[in-house]
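S.K.: I am attaching a structure below and will ask some questions about it afterwards.
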Amino acid sequence: MASMTASQSSPRRKPIKWWNIIVYIILSVGGIAMVLPMYWTIAASFMTRAEAIAFRWFPGQLRYENFIVAWEQAQFSEYFVNSVIITTITVTGIVLFSTLAAYAFARMEFKGKDFLFSLLLSTIFIPEMVLLLPNFLTVTWLGRIGPISWVDNWPALTIPFMGSVFSIFLLRQFFAQIPRDLFDAAKIDGAGHFRFLTSVVLPLSRAPIMTVIIFSFIGSWNALAWPLLVTNSADWRPIAVGLTNFLDEEQQRIHLQMAGAVITMLPVLLIYFFTQKQFTEGIALSGLKG
Amino acid sequence: MYTAKFKGRFLPWLFLTPTLVILVVFLYYPVVQTFVLSTYRVAFLGLRKKFIGLDNFVSLAQDTGYWHTVWVTLIITAVVVVGGLGISLAIAMLANRDLRGGSIYRVLLIWPFALSPAVTGVIFLFMFSPGFGAINYLTEQITGSELNWLGNPRLAITLIILASIWRNLGYNVVFYLAGLQNLNTEVLEAASIDGATNWQRFWKVTFALLSPMSFFLLITNITYSFFDLFGMIDIVTKGGPLDATNVMIYNLYRDGFEYYKTGLAAAQSVILFAVVVGLTIIQFRTTGTRVHYGG
């Protein structure tokens, strides 16, 4: 890579500095276009209502109280806690179940393994949106016959997401690359599959597991259509649904809406900024999923 | 010895059970159930149903409203794919050089991809709102009259398309940059020596060599436009004005859960399944099994 960029800026290209300036300008305009929507949202979340509805570039003074009002009056505290609980259960389930399944596909021999893996892969593109209807019927039915209600309760919001073909595929590819020698050595020491998994495979697999955590966190936190269907009270409503309700109820208080939007996206943005490298690499990995 | 062998045979299935149970209940069964439901007229959310064969599909085919949603979906998809990928490739080509701050630039570009379509919707609704939106204000300054972004069908579609391109841009650029950095520069140099113009070099060499990448992005962007627009449309336009942004997935949701036409909605799911199957086959054919089993 380095040699390639070096050859591009070779002496014979030097005279055309103008072109570089034009490129900088075009790229800057593009960069600003990408950031402006975010800037306006954050700026408005610190404004008074009057400022927010009268197009201002900067708030007169930073009104932190918007966040307090949204957090308390608009029930964002409740939605936020709900989302934290739902996301924690979902991510834990995905990591646990996907690790086990991926290990079975990568390291164990059993009948019908190839068939089962192909079957799983062939469904990797099916979006949850086209399965909403039957799944909704299923969770209402499970609630009727089971000991606890599924609708407007944690099971409907978490369990259906715990079978993640993408995560299984990603982890399987990584587990399969762990040298066989390590497994044979562990076997001689008397370790079974379970101990090999916990003491050798997992410590080596921090990076792909982190990728699975990041992507399932973002997916779970951002989910809208399904939680919209299976919640009907504030008890379990996640923040994405809370935000849409808030928009419908509070059409006038734009500054509070923006504060709500900022609260909603903050955890995802924090994850993104702290795991940037992992995030970008994870996207590249997801590119291989098909 | 026997227990060890038994355990060995039993253990993989123990590891697979949680995943398989969840996938059977929430992925495989509902796929089958969708096909079954599409042949029924269903009332009261499944409590009463009547077999009607392919009647749901016939009514969809005769419904000009449904054809309209197909048309809207195709328009949005086409513009998001062609426009979005075109802009992304242009930015990637420009950014593919030794520029200062290149890594910061990539960070700036890709973050909208972490946002939910719903939050993207809130942000764009705010920017384009009549009366106070920033873009609304700026376009009024430029054109002299206020554009009714949410009330005019064409402008509303434009708004949804702009928001979609904005959200996917960084993702596309990251892939194109990776593709450009892996290009074989010798081919480009050979083309220059052979007297190819810049224009020819771009189309016949760069663009041709990038086509696997373009193909992958084509599929992800089509998937986005068909299935992930629900949140944004629900928040920004609710399918309006005059059904101008009523895409297939939004229409399905409303038929299923607002009007309780379960069978009809299931038939619409089956139609969307055809799209998924098509994309899956194309993707598997083009990348081959190499990626899947090669590790």
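The values are calculated or read from the model by the stated rules, or taken from the named source; none is laboratory data. What you see is a predicted model; the values in this text were computed from it and never measured. All Cβ positions, glycine included, derive from the backbone under ideal geometry; neighbour counts span all protein chains shown.
This table checks each residue for (1) in contact (Cβ under 8 Å) with a residue 40 or more places away in the chain; (2) farther than 28 Å from residue B:89 by Cα.
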{"residue": "B:204", "(1), (2)": "no, no"}
{"residue": "B:224", "(1), (2)": "yes, no"}
{"residue": "B:240", "(1), (2)": "yes, yes"}
{"residue": "B:285", "(1), (2)": "no, no"}
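Residues checked against (1) touching a His at 6+ places or on another chain (Cβ under 8 Å); (2) in a loop (DSSP other than H, G, I, E, B); (3) within 12 Å of chain A (Cβ to nearest Cβ):
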| residue | (1), (2), (3) |
| --- | --- |
| B:75 | no, no, no |
| B:82 | no, no, no |
| B:100 | no, yes, yes |
| B:112 | no, no, yes |
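S.K.: So, one more: Assuming residue A:187 fulfils every condition listed in (1) farther than 22 Å from residue A:38 by Cβ; (2) within 19 Å of the chain's Cα centre (by Cα) apart from one, which condition is it?
M.R.: (2)
S.K.: Among the residues of the stretch A:128-145, is there at least one that is touching a Ser or Thr at 6+ places or on another chain (Cβ under 9 Å) and on the phi > 0 side of the Ramachandran plot?
M.R.: Among the residues of the stretch A:128-145, not one is touching a Ser or Thr at 6+ places or on another chain (Cβ under 9 Å) and on the phi > 0 side of the Ramachandran plot, which makes the answer no.
Here is a yes/no grid of residues against (1) under 30 Å from residue A:207 (Cα atoms); (2) within 10 Å of another protein chain (Cβ to nearest Cβ); (3) outside any helix (DSSP H, G or I):
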site: A:62; (1), (2), (3): no, no, yes
site: A:87; (1), (2), (3): yes, no, no
site: A:100; (1), (2), (3): yes, yes, no
site: A:125; (1), (2), (3): yes, yes, yes
site: A:141; (1), (2), (3): no, yes, no
site: A:144; (1), (2), (3): no, no, no
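S.K.: May I pose another question? Exactly one condition in (1) of a type outside the set (D, E, K, R); (2) under 26 Å from residue B:242 (Cβ atoms); (3) touching a Phe, Trp or Tyr at 6+ places or on another chain (Cβ under 8 Å); (4) away from every other protein chain (no Cβ under 12 Å) is false for residue B:229; which is it?
M.R.: In the conditions (1) of a type outside the set (D, E, K, R); (2) under 26 Å from residue B:242 (Cβ atoms); (3) touching a Phe, Trp or Tyr at 6+ places or on another chain (Cβ under 8 Å); (4) away from every other protein chain (no Cβ under 12 Å), residue B:229 misses (4) alone.
S.K.: So, one more: When you check residue A:271 against the structure, is it within 11 Å of chain B (Cβ to nearest Cβ), at pLDDT 85 or above and crowded, with 22+ Cβ neighbours inside 10 Å, yes or no?
M.R.: Answer is no for this residue.
S.K.: Do we find that residue B:131 is facing chain A (nearest Cβ under 9 Å), modelled with pLDDT under 90 and assigned to a loop (DSSP other than H, G, I, E, B) in this structure?
M.R.: For residue B:131, the condition - facing chain A (nearest Cβ under 9 Å), modelled with pLDDT under 90 and assigned to a loop (DSSP other than H, G, I, E, B) - is met.
S.K.: Find all pairs meeting these conditions: Cβ atoms under 9 angstrom apart; at least six residues apart or on different chains; first residue within the stretch A:218-246 and touching a residue at least 24 places away in the same chain (Cβ under 8 Å); second residue among the charged types (D, E, K, R) and in a helix (DSSP H, G or I).
M.R.: Filtered contacts from the stretch A:218-246: A:223/A:128; A:225/A:128; A:225/B:234; A:226/A:128; A:234/A:78; A:235/A:78; A:237/A:78; A:242/A:78.
S.K.: Also, I was wondering about something else. If you take the residues of the stretch A:102-123 that are aromatic (Phe, Trp, Tyr) and within 11 Å of chain B (Cβ to nearest Cβ), which of them is surrounded by the fewest Cβ atoms within 10 Å (Cβ to Cβ)?
M.R.: A:110
Table: residues versus (1) without any contact (Cβ under 8 Å) to a residue 24 or more places away in the chain; (2) touching an Asp or Glu at 6+ places or on another chain (Cβ under 6 Å); (3) of a type in the set (A, V, I, L, M, F, W, C).
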position: A:69; (1), (2), (3): no, no, yes
position: A:80; (1), (2), (3): no, no, yes
position: A:91; (1), (2), (3): no, no, yes
position: A:107; (1), (2), (3): no, no, no
position: A:118; (1), (2), (3): yes, no, no
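S.K.: Say whether the condition of being over 23 Å from residue B:216 (Cα atoms) and in contact with a helix residue (DSSP H, G or I) (Cβ under 6 Å, 6 or more places away or on another chain) is met by at least one residue in the stretch B:106-119.
M.R.: For the stretch B:106-119, residues over 23 Å from residue B:216 (Cα atoms) and in contact with a helix residue (DSSP H, G or I) (Cβ under 6 Å, 6 or more places away or on another chain): present.
S.K.: Starting from residues that are modelled with pLDDT of 85 or more and either more than 26 Å from the chain's Cα centre (by Cα) or in a loop (DSSP other than H, G, I, E, B) (or both), keep the ones in the stretch A:29-57 and report whichever is nearest to residue A:261 (Cα to Cα).
M.R.: Top of the filtered list is A:46.
S.K.: Residue B:107 - would you say it is more than 16 Å from residue A:35 (Cα to Cα) and in a helix (DSSP H, G or I)?
M.R.: It is false that residue B:107 is more than 16 Å from residue A:35 (Cα to Cα) and in a helix (DSSP H, G or I).
S.K.: Since residue A:79 meets every condition but one in (1) part of a helix (DSSP H, G or I); (2) in the same structural domain as residue A:198 (by TED's automatic domain parsing); (3) modelled with pLDDT under 90, which condition does it not meet?
M.R.: (3)
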